[in-house]
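Please treat every number below as a calculation from the coordinates, not as lab data. The structure displayed is predicted, hence computed values, not measured ones. For neighbour counting, all protein chains shown are included, and Cβ atoms are generated from backbone atoms with ideal geometry for every residue, glycine included.
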Amino acid sequence: MKKTLLKTEGISKYFHDPQTFQVLKSIDLEVRQGEFLSLVGKSGSGKSTLMYLLSTMDMDFEGKLKINGTELTGKSPDFLAQFRNEHIGFVFQFHFLLPEFTALENVMIPALKLRKYPASEIQKRALEKLDILGIADQAHKVSSKLSGGQQQRVAIARALINDPLLIMGDEPTGNLDSVNSKIVFDTFRRLTQELGQTIIAVTHDDDFAAKTDRVIEMKDGRILQPT
Amino acid sequence: MNVNFKIAKTHLLAKPKQTLVAMLGVTFGIGMFITMVSLMTGLNNFTEDLTKIASADIRMYKDITEPRPTLLEKINPNAVTWVHNVKPKNESEKIRNARQIADILRKDPEILGVAPRLTSQVFYNFGPVKLNGSVAGVDILEEDKLFDLNSKMIVGSLSALMTTSNGLIIGSGLAEKLSAKLGDLLILTTPQGITYSMKVVGVFQLGLGEIDNVRSYANIATVQKLLGKDAGYITDLNIKTTNYREARLKAEKIQATFGYKAEDWETANSTLLAGAIIRDIMTYSVSITLLVVAGFGIYNILNMTIYSKMKDIAILKATGFAAKDVTGIFMIQSLIIGLVGSLMGLVVGYILSLLLAQVPFDGGDLLSIDALPISFDPQFYLIGIVFGVATTAVAGWMPSRKAGKIDPIEIIRGI
């Protein structure tokens, strides 16, 4: 049994605009290290909201969130930003690279922010990550000149740069064709199997979900298949 | 390089035109500020120099404008008295023991020189021409120490005055009007009707028409003779201090010590110098207006940049940039705009000042200058850059803070 990386206790979340509405209803969830987990559910089921909570970007909820033994509820925004920087990698549906920067710079930025290594070391590591994703040859292109699939792979490399505990995917293949979807999925698979990376991905794609280690289906703010 | 700075730099370079326009706003404001302040200060300094040509730091004289108390008032100070038709007393303008006072003053370490003077109204007669003017009886060497007369001489020399007892150094305007040349004899007539023949031994030009057109210098003894007064008769003591900016305080002390009226140059020329304050107010109000306009420009451009960078801000925040980092990124941008814009403004201001210094300016009879007086005081360049950067910092603060507060989830969901 691998150790528990992420744990929630009774998370409830309300939206107040336009009227008070409970999006998440007492969610208890445990994620173990090295798990490749997918969150599925219909629109409005609360899966994206849950992911934003788990990623510490939205801390306006009731209940408790613990990642790697660190209690995150009630922490200051600056602490959370630092925590995300160091321990959480993001992959979004719409690639979300900084368009003016090269692929390499995009990958380097979170590490430059963290300042764990000198810039030269960061560049070396960033090139390694790009190489893992097979796009090292595109490193010096401005990111807005890359294709959608390439951009998404750069985004994954960026998510990996600080060796995070956790990678969060928000519909990581939602905007990609089947070829690129497969590349992204295979990359995720490889990361979990070879590097022991933990990944939580929100997805609409049933094929994608079916191939992950564990599928958590959500409906009306609750988890349907508790594991 | 700090990553926030790197991102700020990339943002600025990604839209060079927009960045340049924002910078030019500041450049224009600072450039105009430098130009205006240089011109206005140049003019102020010029006015100040002019007044310094004409008046010593402190002038000591006997003030006879005080009302004269009647005898009745003196005897019954508390009574109600009524005396009709009181006439002023015939008081001498003489400063008693002037030479001794001068000697005492010269020992003061804050005083560089004391020049005794005695002035009389005269008519200059030369051939058929009869001109109104004044003759100043001076100790020419002391006078030179105070007013640097030697450098103002057009022809002749100061020493010639000392060797010629009836010598006269006349103003350039006067010389022109009288067509008097070196060695010519002028007839001077005093209000008392005494006439005296004087020899022109030099011509000076102070550059101030009101003096050059009327004044001449002679030896004290000669003027005393002209007025029929004794050798101790001196009406003015002109005093030069080490720091003319503090002449006012020094004058008060001197007045308290010797009991004669001591007037500093600023009080004596307050009407001329009042213009300086108005010019300063104008300069700063116009410059501040320009900078406020530039500030609004920066505010707008930064707001637009932030609006177009919402996605970037969301991703930065998601990957661990705190609100203060995002605010920092945009503050850096506005400060760079401010700094570069201000520096360009200084250059523009300097060039415009150089050009203005070439603009011909005819002072006419009154002032002898041929171009606009421009000040190149580095102090204003320092003020300019502080001004420029401060304005952009203020203008950039609100949009930057707003950027820091953007909620990344709203942006990511909003797609």
Legend entry - Along principal axes, Cα extents of region A:120-170, largest first, whole Å: 31, 30, 16
Inset, instruction - Report ³J(HN,Hα) in whole Hz for each residue of region B:241-254, in order, from the Karplus equation J = 6.51 cos²θ - 1.76 cosθ + 1.60 where θ = phi - 60°; Gly and Pro get x. - result: 9, 5, 10, 5, 5, 10, 4, 4, 5, 4, 4, 4, 5, 5
Inset, instruction - Sort B:324, B:17 so that the residue with the fewest other Cβ atoms within 10 Å of its own Cβ comes first and the one with the most comes last. - result: B:17, B:324
Inset, instruction - Give me the Debye-computed log₁₀ of I(q)/I(0) at q = 0.09, 0.11, 0.13 Å⁻¹ for chain B, equal point scatterers on Cα only, no solvent, two decimals. - result: -0.74, -0.90, -1.09
Legend entry - Cα-based Rg of region B:200-342 normalised by 2.2 N^0.38 Å, two decimals: 2.20
Legend entry - Amide H contacts of residue B:137 (H built 1.01 Å from N, under 5 Å, at least 5 apart or other chain): B:118, B:119, B:120, B:218
Legend entry - Rounded Å value of the spacing that divides the Cα centres of region A:163-227 and region B:157-190: 107
Inset, instruction - Give me the distance between the Cα centres of region A:2-69 and region B:1-28, rounded to whole Å. - result: 40
Legend entry - Inter-label distance for residue A:177 and residue B:176, nm, one decimal - labels placed 7 Å from Cα along Cα-to-Cβ: 9.1
Inset, instruction - Report the relative contact order of region B:1-143, percent, no decimals, based on alpha-carbon pairs under 8 angstrom and at least 6 residues apart. - result: 12
Legend entry - Part-to-part distance (alpha-carbon centres) for region B:284-320 and region B:74-95, which is given in Å: 74
Inset, instruction - Please tell me the relative contact order of chain B in percent, rounded to the nearest whole number, where contacts are Cα pairs under 8 Å and at least six residues apart. - result: 28
Inset, instruction - Name the most mobile residue of B:26, B:155, B:86, meaning the one with the largest mean-square fluctuation, in a Gaussian network model of chain B with Cα contacts below 10 Å. - result: B:86
Legend entry - Table column - 3J(HN,Hα) (Hz), region B:6-11, Karplus curve with 6.51, -1.76, 1.60, x for Gly and Pro: 4, 5, 4, 4, 4, 4
Inset, instruction - Using a 10 Å cut-off on Cβ to Cβ distances, tally the other chain neighbours for every residue of A:96-107 and report the average as a whole number. - result: 4
Legend entry - Tensor-based shape of region B:168-280 (alpha-carbon gyration tensor, a/c under 1.5 rounded, otherwise prolate or oblate): oblate
Inset, instruction - Assuming R0 = 51 Å, can you tell me the calculated FRET efficiency for the pair residue B:45 and residue A:21, based on Cβ-Cβ distance, to the nearest 0.05? - result: 0.10
Inset, instruction - With springs connecting C-alpha atoms under 10 Å apart, model chain B as a Gaussian network and identify which of B:139, B:57, B:377 has the largest mean-square fluctuation. - result: B:377
Legend entry - Taking the convex hull of Cα positions in chain A, its mean projected area over all directions (nm²): 12.5
Inset, instruction - Mind checking which lysines have their Cα closer than 27 Å to the Cα of residue B:253? Skip sequence neighbours fewer than 8 apart in that chain. - result: B:52, B:62, B:94, B:107, B:145, B:240, B:261
Legend entry - Most mobile listed residue (A:83, A:15, A:94) in chain A, GNM with C-alpha springs under 10 Å: A:15
Legend entry - Extension gain from residue A:64 to residue A:189, taking 0.36 nm per residue of separation minus the Cα-Cα distance: 42.1 nm
Inset, instruction - Any chance you could list the semi-axes, whole Å, largest first, of the equivalent ellipsoid that the Cα gyration tensor gives for region B:44-110, using √(5λ)? - result: 38, 19, 12
Inset, instruction - For an R0 of 56 angstrom, estimate the FRET efficiency from the Cβ-Cβ distance between residue B:106 and residue B:289 and round to the nearest 0.05. - result: 0.65
Legend entry - Nearest-0.05 FRET efficiency for residue B:82 and residue B:195, computed from C-beta distance (R0 45 Å): 0.50
Legend entry - Rounded, prolate or oblate (a/c below 1.5 giving rounded, otherwise prolate when a/b exceeds b/c) for region A:158-227 by Cα gyration tensor: oblate
Inset, instruction - Give the long-range amide H neighbours of residue A:135: residues separated by 5 or more places, or on another chain, with amide H under 5 Å away, using H modelled in the peptide plane at 1.01 Å from N. - result: none
Legend entry - For region A:116-206: span of alpha carbons on each principal axis (Å, largest first): 42, 31, 18
Inset, instruction - Name the long-range amide H neighbours of residue B:261: under 5 Å, sequence gap of 5 or more, or other chain; modelled H, no Pro or chain starts. - result: B:61, B:63
Legend entry - Computed lengthening from residue B:300 to residue B:9, 0.36 nm per intervening residue step minus Cα-Cα distance: 102.9 nm
Legend entry - Hydrodynamic radius (Kirkwood) for the protein assembly as shown, which is based on Cα pairs only, to one decimal in Å: 32.4
Legend entry - Rounded tilt (10° steps) of B:323-356 against the dominant C-alpha axis of chain B: 40
Legend entry - Percent RCO, i.e. relative contact order, over chain A, from Cα pairs under 8 Å lying at least 6 residues apart: 30
Inset, instruction - Please turn the phi angles of region A:171-176 into ³J(HN,Hα) values with the Karplus equation 6.51 cos²θ - 1.76 cosθ + 1.60 (θ = phi - 60°), one per residue in order, whole Hz, x for glycine and proline. - result: 6, x, 10, x, 10, 10
Inset, instruction - Calculate how steeply helix A:178-195 sits against the longest principal axis of the alpha-carbon atoms of chain A, using the helix alpha-carbon long axis, and give the answer as 0 to 90 degrees to the nearest 10. - result: 80
Legend entry - Local net charge near residue B:37, Cβ-Cβ under 13 Å (Lys/Arg +1, Asp/Glu -1): -1
